[in-house]
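The values are calculated or read from the model by the stated rules, or taken from the named source; none is laboratory data. All figures in this text were calculated on a predicted structure; none of them were measured in a lab. Glycine gets a Cβ as well: all are built from the backbone with ideal geometry, and neighbour counts include every protein chain shown. With ligands, DNA and RNA removed, areas are computed over all heavy atoms of the protein, side chains included. Shrake-Rupley method; radii C 1.70, N 1.55, O 1.52, S 1.80 Å.
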There are 2 protein chains.
Amino acid sequence: MNNIDFDFLESAITTDSKLFSNNEILTWLSDRREATQTVVRQIHLASMKNWKVDELTGDVRHVTGRFFSIEGIRVRTNWGDLPRWDQPIINQPEVGFLGFIAKKFDGVLHFLVQAKIEPGNINIVQLSPTLQATRSNYSQIHKGKRPRYLEYFNGEKKVDLLLDQLQSEQGARFLRKRNRNIIVQLLDGDDVEPHDDFKWMTIGQLKELIRLDNVVNMDTRTVLSGVSYGGYSKAALEGMYRFESSRKDSRPMLRSALLNGSTRNSFRDILSWITNLKSTYDLFIDKIAINQTSDWRHSGGVIARPDNKYFSVIGVNVSIENREVINWDQPMVQPSQEGLVAFIVRPIDGVYHFLVQAKLEAGNFDIIELAPTVQCLTGNYRIGLNEYSVPYIDEVLAADKDCVLLDVMQSEEGGRFFNEQNRNMIVDVGENFSLEIGDNYCWMTLNQLLRLIEFNNYLNIASRSLISAIKF
Amino acid sequence: MNNIDFDFLESAITTDSKLFSNNEILTWLSDRREATQTVVRQIHLASMKNWKVDELTGDVRHVTGRFFSIEGIRVRTNWGDLPRWDQPIINQPEVGFLGFIAKKFDGVLHFLVQAKIEPGNINIVQLSPTLQATRSNYSQIHKGKRPRYLEYFNGEKKVDLLLDQLQSEQGARFLRKRNRNIIVQLLDGDDVEPHDDFKWMTIGQLKELIRLDNVVNMDTRTVLSGVSYGGYSKAALEGMYRFESSRKDSRPMLRSALLNGSTRNSFRDILSWITNLKSTYDLFIDKIAINQTSDWRHSGGVIARPDNKYFSVIGVNVSIENREVINWDQPMVQPSQEGLVAFIVRPIDGVYHFLVQAKLEAGNFDIIELAPTVQCLTGNYRIGLNEYSVPYIDEVLAADKDCVLLDVMQSEEGGRFFNEQNRNMIVDVGENFSLEIGDNYCWMTLNQLLRLIEFNNYLNIASRSLISAIKF
């Protein structure tokens with residue numbers, strides 16, 4: 001048994017830390033919120049300080065050419081019903097850190113969590129990783145302050161690496177964007193002094209708080225989703241004392257997170273299913289000017305479609321008043337409405353299986369990624385049902401209350417998305433639910449999903465957000 | 001123990017099939033060679049039938065716009081000493097099949113191997129997979145004949161899938177090209193009638209023949225390299241009867257192929273090493289016209305550099321006379337000289353470890369891929385040593401004869417490369433060789449390499465070619 005896996009498992013099961021209770025954490029979080037005054041005002045894209053809308057192309061760039069830009073793309077594919085479309089997309093061609101420092105207290109791994117202000121977040125302040133930094137930040141090409149605790153992630157300080165993965169962001173909004181999801185553990189005897197905005201918490205505590213609306217930010221959720229807990233045979237699993245604990249209600253999920261074997265599809269079958277889809281479907285992206293895109297136009301200081309569908313790109317002015325005042329302008333993506341991401345799960349031979357959807361999105365690094373059973377981020381699922389049909393959406397929305405394992409609102413990344421929140425659901429549809437599914441769906445155990453996450457660009461961020469919320 | 005893994009291992013160890021000896025295979029191969037007359041003539045790029053050199057851009061395309069094209073790219077990167085360069089590249093944006101049909105004879109898995117004519121091959125006819133087909137071939141948009149045995153790979157016939165992976169081609173020559181490497185096993189009771197150009201062979205037989213110059217083609221080698229043989233603890237491995245066989249000399253390699261644990265780096269360390277490199281280094285590719293590239297020009301009917309370095313793009317006329325006459329023109333890439341690919345290996349705690357190099361090439365799908373210790377495909381390693389230094393090349397070329405585990409000439413893909421062959425070597429540098437290596441190198445066991453191959457785009461084709469030659 002791999003020690004790291006066990007340490008992660010122990011931390012995920014520990015919902016009460018001796019350091020701080022979750023009530024104390026929530027109080028601290030609202031104190032942080034009250035201690036700062038953050039004002040986010042929508043402004044005309046062309047009036048943003050330090051940003052330029054190119055007259056000819058309509059593209060939006062920082063005057064330094066760095067950070068990120070809003071550009072147009074033309075998408076061609078043989079996937080689905082729409083062989084071609086144009087859209088604006090965020091181009092940020094650098095890998096950022098999303099990193100936690102970890103340390104054992106009383107033998108249990110804790111993570112240094114930050115109460116971080118992000119202008120796009122609902123609630124403004126959410127729980128985020130120890131370090132959230134783009135390469136522009138941490139290479140300090142700009143005069144910005146050096147990010148706190150950077151030295152534990154960039155090789156300056158010696159640490160133990162527990163996790164180090166490249167994971168995607170929203171493929172419908174970002175062009176091939178990836179972040180480095182990383183967890184480092186302090187060496188024995190090493191310690192860090194938590195700054196006021198930081199507190200030590202277990203994975204189990206974070207998983208409890210993920211069940212509250214808009215408390216745990218997207219970057220925390222993606223790092224947590226990458227944690228795997230090892231793998232065990234059914235027999236070994238049944239015998240493990242840990243699963244004889246009082247949490248009888250959650251044992252099936254833990255089992256599905258750990259079980260090797262007794263799966264509907266072998267891991268080889270799953271890789272072959274992915275290979276087949278990637279061999280069959282094309283995704284060609286050509287960069288074009290925003291002004292050349294069909295449907296999307298600059299109008300009234302925003303980039304939007306005449307029908308206002310999907311999303312718009314807006315300018316904002318952000319002002320944060322804390323001990324000092326910080327003020328800047330930037331473009332943000334504002335969704336047209338809230339979305340829904342949901343996994344359907346059902347037991348097969350006593351083990352929960354997830355109904356996973358292969359999904360093509362314009363910004364995907366490798367054609368398709370694995371999405372939740374239902375993902376409607378850009379359509380209006382509440383009133384749009386007659387407009388286009390989303391498979392399995394009825395099963396999710398009409399599910400009996402007792403079958404809903406998760407139902408919570410989560411914010412997307414608050415540095416790029418303005419007040420974007422999506423409903424996150426996991427629904428147990430029971431053993432009578434048909435196992436027969438379409439070609440772009442596949443039944444997988446949580447253990448199989450976690451094994452795929454170890455490698456780059458398999459699970460999309462919506463899947464990972466849901467997986468991070470699974471309690472043992 | 002996974003049955004497929006064991007079947008593969010059995011087949012890899014069986015070097016004498018009861019169906020055909022390797023001498024019979026070699027005789028058959030030379031009979032096939034004599035039964036056909038293949039003439040490949042260099043012609044002016046502009047005079048190729050059905051192909052067009054665009055007057056403005058200099059790009060080379062098929063008149064239908066299909067198959068493949070020769071285009072220019074501008075490469076920008078922060079890797080290595082050269083921040084920018086231009087080059088022509090083969091653009092073939094579709095995934096092809098490289099597939100074997102497998103069947104058990106006397107309980108041992110055999111593969112249906114084809115004696116296939118390819119115009120670029122040295123020896124013209126080499127041993128190739130059952131099916132080698134691009135999507136243009138197998139979707140039969142063109143009038144070409146339907147490829148033989150296609151029905152076992154495209155879902156028409158029910159089979160057992162043993163392997164199904166997307167693997168890269170040469171990143172220095174192809175733009176993000178990948179093939180579907182696939183092995184299917186006939187269902188019990190199913191049989192196929194081998195056409196004259198096909199024979200059943202074990203993996204062990206193919207591994208013997210890979211040790212002869214230019215007999216086993218690149219496509220066979222890449223499919224074989226993807227086969228993994230399971231994983232065992234050191235204790236289990238010592239106890240397995242199979243390793244008490246007479247092949248005492250090769251036991252260390254088998255052990256390194258199977259061993260879990262006792263490795264220099266954990267699998268997590270290896271993934272983190274890759275993540276770090278992919279997070280640190282950029283690879284930006286802009287398509288430009290051939291005529292816009294610095295250094296590369298159309299001249300005298302070829303595309304080449306004034307100094308003739310690296311490679312040139314030539315036109316060829318191919319004429320194959322068998323029962324019927326087939327004749328066509330196409331562009332091919334002709335290397336300036338033969339190259340060298342070599343793994344340095346050494347035992348660490350009794351287990352062979354491979355010195356793996358992370359390498360950036362323009363056409364890579366994801367920035368870097370894992371290459372052999374030494375890979376000089378485009379420079380002249382024989383006389384070019386003073387021109388630029390290639391790490392570890394001296395250790396390889398000056399190795400004692402007894403330490404050379406492999407030394408053989410292999411052809412690159414004969415459908416695109418004209419008479420391109422590279423020297424393939426594996427050299428055991430012994431236990432005194434320093435374990436200290438540069439940041440872009442990593443020690444891995446064969447088992448770890450085989451585990452990475454299961455996922456897309458980790459090992460490059462030169463690494464895979466060498467791995468396919470490893471005998472147990």
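Couple of notes before you dig in:
- For segment A:270-414, size of Cβ-based charge dipole, Lys and Arg +1, Asp and Glu -1, in debye: 260 debye
- Interface residues of segment A:153-177, defined as those with an accessible-area decrease of at least 50 Å² between the chain by itself and the complete set of protein chains (probe 1.4 Å), are A:Asp164.
- Per residue, segment B:382-472 exposes 40 Å² of solvent-accessible protein surface, assessed with a 1.4 angstrom probe and all protein chains in place.
- Note on A:Lys49: lysines with a C-alpha under 18 Å away, same-chain residues under 8 apart excluded, are A:Lys143.
- Anchor B:Lys18: lysines whose Cα lies under 18 Å away (excluding residues fewer than 8 positions away in-chain): B:Lys103, B:Lys104, B:Lys199, B:Lys207
- Leading residue at positive end of dipole, the protein assembly as shown (Cβ point charges), from A:Ala172, A:Gly65, B:Phe6: A:Gly65
- Lys, Arg +1 and Asp, Glu -1 on Cβ, resulting dipole of chain A about Cα centre, debye, nearest 20: 780 debye
- Counting only residues at least eight positions apart within a chain, or on another chain, the lysines with an alpha carbon under 20 Å from that of A:Lys401 are A:Lys248, A:Lys471.
- Backbone N under 15 Å from the A:Asn291 label point (7 Å along Cα→Cβ), restricted to segment A:46-74: A:46, A:52-61, A:71-72
- Computed helical MRE - 222 nm, chain B, DSSP H runs ≥ 4 contributing -39500 (n - 2.57), nearest 500: -5500 deg cm²/dmol
- Neighbouring partner chain Cβ atoms per residue of A:278-284, average, 10 Å criterion: 4
- For segment B:389-399, backbone phi angles converted through the Karplus equation (6.51, -1.76, 1.60; θ = phi - 60°) give residue-by-residue couplings of 9, 10, x, 6, 5, 5, 4, 6, 6, 9, 5 Hz, Gly and Pro being listed as x.
- At most 10 other Cβ within 10 Å, DSSP loop - GluC sites (Glu not before Pro), segment A:381-472: A:Glu387, A:Glu436
- Cleavage-rule hits (trypsin sites (Lys or Arg not before Pro)) in segment B:155-185: DSSP loop, at most 14 neighbouring Cβ within 10 angstrom: B:Lys158
- Gain upon complete extension [A:Ser262, A:Ile122; 0.36 nm per residue less C-alpha separation]: 46.2 nm
- Taken one residue at a time, the phi angles of segment A:313-328 give Karplus couplings (6.51, -1.76, 1.60, θ = phi - 60°) of 9, 10, x, 9, 10, 10, 10, 10, 10, 10, 6, 10, 10, 10, 9, 8 Hz. Gly and Pro are set to x.
- Accessible surface buried by the A/B pair amounts to about 2900 Å², both sides summed, 1.4 Å probe.
- Summed side-chain charge close to B:Asp219 - residues other than B:Asp219 whose Cβ falls under 12 Å, Lys, Arg +1, Asp, Glu -1: +1
- For the rotational copies A and B, the chain A residue with its Cβ nearest the relating axis, together with that separation in Å, is A:Phe455, 2.
- Length-normalised contact order of chain A in % [C-alpha pairs under 8 Å, at least 6 apart]: 22 percent
- Descending Cα extents along the principal axes, the protein assembly as shown, whole Å: 85, 68, 59
- Radius 10 Å from Cβ of A:Gly414, net charge of other residues (Lys, Arg +1; Asp, Glu -1): -3
- Rounded percent of accessible protein surface that carbon and sulfur make up, segment B:1-142, 1.4 Å probe: 48 percent
- Per-residue SASA remark: A:Leu56, around 150 Å² accessible (1.4 Å probe; ligands, DNA and RNA not included).
- Rolling a 1.4 angstrom probe over the protein heavy atoms with all chains in place gives segment B:26-116 an accessible area of 47 Å² per residue.
- Label geometry 7 Å along the beta-carbon vector: B:Asp188 inter-copy distances in nm: 5.5
- Chymotrypsin sites (Phe, Trp or Tyr not before Pro) within segment B:1-87, DSSP loop, no more than 12 other Cβ atoms inside 10 Å: none
- Taking the label point 7 Å along Cα→Cβ, B:Pro347 and its counterparts in the other copies are spaced 5.2 nm apart, in ascending order.
- Candidates A:Gly80, A:Leu150, A:Phe111 compared by Cα position along the dipole of segment A:28-156: farthest toward the positive end lies A:Leu150, with charges placed on Cβ.
- For segment B:284-296, 3J(HN,Hα) computed residue by residue from phi via the Karplus equation (6.51, -1.76, 1.60; θ = phi - 60°) reads 10, 10, 10, 6, 9, 6, 3, 5, 8, 5, 6, 6, 9 Hz, glycine and proline entered as x.
- Listed residue (B:Phe365, B:Val318, B:Pro335) projecting farthest to the positive dipole end of segment B:267-367, Cβ model: B:Phe365
- The charge dipole of segment B:107-181, taken about its Cα centre with unit charges on the Cβ of Lys, Arg, Asp and Glu (plus for the first two, minus for the last two), comes to roughly 320 debye.
- Here is how far apart the B:Lys49 label points are across copies: 7.0 nm, shortest first, using a point 7 Å from Cα toward Cβ.
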